[in-house]
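J.: Attaching a single structure in structure tokens format; questions to follow.
The values are calculated or read from the model by the stated rules, or taken from the named source; none is laboratory data. In this text, all values refer to a predicted model and were calculated from it rather than measured experimentally. Don't worry about glycine lacking a Cβ; one is built from the backbone with ideal geometry, like all the others, and counts go over all protein chains shown.
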Amino acid sequence: MSATSPADQRFPVRVFGGPTALFEYGGLRFLTDPTFDAPGDYPRHDGRFLTKTAPAAGGPAELGRVDVVLLSHDEHPDNLDHSGRALLADVPLTLTTPGGGRRLGGRAKGLADWESIELDRPGGGTVTVTGVPALHGPGPRAEVEATTGEVVGFVLTAEDLPTVYVSGDNAQLALVEEIARRFAPVDTAILFAGAPRFPNLYDGALIVLDSAQAAEAAKILDARRVVPVHCDSWAHFTEGRGDVVAAFTATGLADRLDLG
């Protein structure tokens, strides 16, 4: 850990449920995958339905100012729902996949793998946001993206701030290893977990990390803090926060967990 990212610079992360979390970094306020709709059944782009089982722990009115939405992908209602889409109209910048940037238009910008954008900080200086690889299922990129669509993760860096990683709906630890080679150690990793799976998709294989893999990702990244998200509030998540805590405890990493 470098001298420019001491522990006393740690910032709070508020988790709203599902993949949605709010944090301030470099004076800018970032929101991940906004999902605030009520429990119920929601159609996916491919005709399947996803069932939301619990409300968010707060609504859009509680967010305050949001400067940037970090949207891992726009095609699934457990990552961007009706309320989330409405919210985007009032946010100056949404960073997402290249395809999502085209679909959303307006203030949305797609980031390809390893593409960066510099954002001006209110007090001077910049924050760099880099799009990093993520795959929403097992197998080669072309096959996964043809089945479950594009996904992007994000790494946030600044000269005087610790490094932050937001995984998005990634299922492959090999990609975490690629990211670690460029950016580790990571101070805060916001890891999407929950072990979601469908019997008729990839023969029931994971489409996002399970709890044990999230713990392994923390080790790969040498992450000082892990905020788990995307592990509650949806019926297709087969593991919850308790499973995350158990996995991190079993690997001696419980002290790194921040449940937001």
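J.: Can you say whether GLY168 is in contact (Cβ under 8 Å) with a residue 40 or more places away in the chain, under 17 Å from the mean Cα position of the chain (by Cα) and assigned to a loop (DSSP other than H, G, I, E, B), as far as the supplied structure shows?
T.: yes
J.: Now, a different point. Can you report the number of residues in the stretch 180-199 which are of a type in the set (D, E, K, R) and surrounded by fewer than 18 Cβ atoms within 10 Å (Cβ to Cβ)? Give the derivation first.
T.: Our first condition is that a residue be of a type in the set (D, E, K, R); within the stretch 180-199, this holds for 181-182, 187, 197.
Filter once more, so that each one left must be surrounded by fewer than 18 Cβ atoms within 10 Å (Cβ to Cβ): 181-182.
Within the stretch 180-199, residues that are of a type in the set (D, E, K, R) and surrounded by fewer than 18 Cβ atoms within 10 Å (Cβ to Cβ) number 2.
J.: So if I check each of ALA214, ALA246, ALA218, ALA223, which one is over 23 Å from ARG14 (Cβ atoms) and not in a strand (DSSP E or B)?
T.: Working: ALA214 fails: over 23 Å from ARG14 (Cβ atoms); ALA218 fails: over 23 Å from ARG14 (Cβ atoms); ALA223 fails: over 23 Å from ARG14 (Cβ atoms).
Of ALA214, ALA246, ALA218, ALA223, the one residue that is over 23 Å from ARG14 (Cβ atoms) and not in a strand (DSSP E or B) is ALA246.
J.: Have a look at SER83, SER72 and point out the one that is assigned to a loop (DSSP other than H, G, I, E, B) and modelled with pLDDT of 95 or more. Walk me through it before giving the result.
T.: Working: SER83 fails: assigned to a loop (DSSP other than H, G, I, E, B).
Just a single option satisfies the conditions, and that option is SER72.
J.: Where residues in the stretch 25-39 are assigned to a strand (DSSP E or B) and surrounded by 23 or more Cβ atoms within 10 Å (Cβ to Cβ), which of them is farthest from the chain's Cα centre (by Cα)? Talk me through it step by step, then tell me what you get.
T.: First pass over the stretch 25-39, keeping only residues assigned to a strand (DSSP E or B): 25, 28-32.
In the following step, the residues that additionally are surrounded by 23 or more Cβ atoms within 10 Å (Cβ to Cβ) were identified as 25, 30-32.
Numbers: TYR25: 15, PHE30: 11, LEU31: 9, THR32: 6 Å.
The extreme case among them is TYR25.
J.: Shifting gears a bit: So which pairs qualify, if the first residue must be in the stretch 134-145 and touching a residue at least 12 places away in the same chain (Cβ under 8 Å) and at negative phi, the second must be in a helix (DSSP H, G or I) and of a type outside the set (A, V, I, L, M), the Cβ gap must be under 7 Å, and the two must be at least 6 apart or on different chains?
T.: LEU135/ARG141; HIS136/THR148; PRO138/TYR202
Residues are listed down the side, and each one gets a yes or a no for (1) surrounded by 15 or more Cβ atoms within 10 Å (Cβ to Cβ); (2) within 18 Å of GLY149 (Cα to Cα):
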site	(1), (2)
SER83	yes, no
LEU88	yes, no
ARG103	no, yes
ASP120	no, no
GLY124	no, no
THR130	yes, no
HIS136	yes, yes
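J.: Give the residues of the stretch 40-54 that are of a type outside the set (D, E, K, R) and either exposed (fewer than 13 other Cβ atoms within 10 Å of the Cβ) or touching a residue at least 40 places away in the same chain (Cβ under 8 Å) (or both), sorted by residue number. Quick ask: steps written out before the conclusion?
T.: Filtering the stretch 40-54 down to residues of a type outside the set (D, E, K, R) leaves 40, 42-43, 45, 47, 49-51, 53-54.
Selection gives GLY40, PRO43, HIS45, GLY47, PHE49, LEU50, THR51, THR53, ALA54.
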